[in-house]
Amino acid sequence: MVQIRMRKLFFIYIVISTVSFIWFYSSCGFPECKEKEIEHLIKKYKARNKELDKKISDLSQQLQECQKNVLTSGRTEFSHSPTIYMVTPTHTHPEQKANLVRLSHTLLHVKNIHWIVIEDSVSKTVLVSKFLQNSGVKNTHLAALTPHEIKMKYNDPTWLKPKGVLQRNAALRWIRENLNPNTDNGVVYFADDDNTYSLEIFQEMRNTKKATVWPVGLVGGLRYEKPIVKDGKVTGWFTYWKPNRPFPMDMAGFAVNVNLFFNNPDARFSNEVPRGFLESTILEQLNVKMEDLEPRAENCSKVLVWHTRTEKTKLKNEQLMIKRQGQGSDPNIEV
Ligand code: UDP
Ligand code: MN
């Protein structure tokens, strides 16, 4: 009995195993088929991978393009917006490059700006040439030397002589010779290299019919100097020093339409004018009247530019270093 049962069990076992075996291979396929399917899948995913790699490379190229555009947006020309021709005299001294770097970083944020940089030197220096080439700001580089008799010495008091006169005139000459009064629509701003300019000030001056004006901070021995505005018109000046000048304001406090330089072809700066009269004489020569002034910066109630000055660095240890160890700092390292 037991033997017959065992046989039955064994038979059932064999039948179940065979059926399972057949079922397994019929549902999953035979090994060769499986391999083929896997190979096919690998091929498919490899192709997909290739596609994705190409997509990634295309997108990173696009990203690079976008980053480049952001960096050079200061150089982009927009036909409908007037160009700001920013005229900056600069001279060789220990803090020059630091001033220029700081200023260029402001200008990189400004659209449609053309920076005219004029060196107070016989010819363009390597330092400024290299700096401008790599600045990312659209620029014109000029040089005009201040004659020895007029030139400031490093330790002269700052008010002693006019500064930047021949340099600004060189820029005016460039403007008159290179711009077309019929097609080049723009604004001229005389912006020294050590001041601090907010981005808003460029928006304020962009649309200047004749002459725009605004307050300047930290100047003339006051927290600010500014035009006084009544009913949207300039009626006078908040200035302590020489308030009777025709336009008692700092160079950083106004901008003029470039047409004025074409309409008044002889207008230029002069080293002969009394102290503090550079601004007044150029505006008078441009035939600007008090009633022409267009107040900006919320009717001259906001300070958007500061007459900051860079402290002269004491370099006395250079000499002491030479005494102590035979040589000072390496002149080949640009500062
Ligand atoms: N400047 C110049 N040559 C000089 C001294 C100054 O070209 O010998 C430039 C200077 O780089 C600046 C402008 O003239 O852009 C006005 O000079 P500074 O800022 O020293 O004048 P201040 O701050 O006293 O008004
Ligand atoms: Mn200055």
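The values are calculated or read from the model by the stated rules, or taken from the named source; none is laboratory data. In this text, all values refer to a predicted model and were calculated from it rather than measured experimentally. Virtual Cβ from ideal backbone geometry, glycine too; neighbours counted across all protein chains shown. Surface areas here come from the heavy atoms of the whole protein model, side chains and all, with no ligands, DNA or RNA. Shrake-Rupley method; radii C 1.70, N 1.55, O 1.52, S 1.80 Å.
Things worth noting here:
- Selection from the range 100-117 of residues that are part of a helix (DSSP H, G or I) and crowded, with 19+ Cβ neighbours inside 10 Å: 100, 103, 104, 106, 107
- Taken over the range 205-236, the criterion of being surrounded by 22 or more Cβ atoms within 10 Å (Cβ to Cβ) and of a type in the set (Phe, Trp, Tyr) is satisfied by 214 alone.
- Residue tally, condition within 16 Å of ligand 2 (Cβ to nearest atom) and of a type in the set (S, T, N, Q), over the range 294-313: 3
- Scan of the range 17-68 for residues that are polar (S, T, N, Q), farther than 30 Å from residue 108 by Cβ and either surrounded by fewer than 10 Cβ atoms within 10 Å (Cβ to Cβ) or at pLDDT below 80 (or both), ordered by number: 17, 18, 20, 26, 27
- Residues that are more than 15 Å from ligand 2 (Cβ to nearest atom) and not aromatic (Phe, Trp, Tyr) occur at least once in the range 154-161.
- Test: residue in the range 165-188 that is more than 13 Å from ligand 1 (Cβ to nearest atom), of a type outside the set (A, V, I, L, M) and within 30 Å of residue 312 (Cα to Cα): no
- Hits in the range 237-249 - residues which are among the hydrophobic types (A, V, I, L, M, F, W, C), part of a loop (DSSP other than H, G, I, E, B) and in contact with a strand residue (DSSP E or B) (Cβ under 8 Å, 6 or more places away or on another chain): 247, 249
- Residue in the range 179-186 that is charged (D, E, K, R), more than 16 Å from ligand 2 (Cβ to nearest atom), closer than 25 Å to residue 216 by Cα and touching a Ser or Thr at 6+ places or on another chain (Cβ under 9 Å) present: no
- Residues being more than 12 Å from ligand 1 (Cβ to nearest atom) and either within 18 Å of residue 98 (Cβ to Cβ) or in contact with a Leu (Cβ under 8 Å, 6 or more places away or on another chain) (or both) - total across the range 134-161: 6
- In the set 311, 298, 279, 272, only one residue is open to solvent by 30 Å² or more (accessible area, probe 1.4 Å), in a helix (DSSP H, G or I) and not hydrophobic (A, V, I, L, M, F, W, C); that residue is 298.
- Evaluated against (1) within 16 Å of ligand 1 (Cβ to nearest atom); (2) in a loop (DSSP other than H, G, I, E, B), residue 252 falls short on exactly one condition, (2).
- Whichever residue in the range 314-327 is open to solvent by less than 100 Å² (accessible area, probe 1.4 Å) and not aliphatic (A, V, I, L, M) and, among such residues, is farthest from ligand 2 (Cβ to nearest atom): 326
- Per-region count, the range 118-130, residues in contact with a helix residue (DSSP H, G or I) (Cβ under 6 Å, 6 or more places away or on another chain) and either open to solvent by less than 20 Å² (accessible area, probe 1.4 Å) or under 27 Å from residue 200 (Cα atoms) (or both): 2
- Residues in the range 134-155 that are open to solvent by 70 Å² or more (accessible area, probe 1.4 Å) and over 28 Å from the mean Cα position of the chain (by Cα) were compared, and the one that is farthest from residue 91 (Cα to Cα) is 149.
- Among residues of the range 156-175 being more than 11 Å from residue 118 (Cβ to Cβ) and under 25 Å from the mean Cα position of the chain (by Cα), the one that is most open to solvent (accessible area, probe 1.4 Å) is 163.
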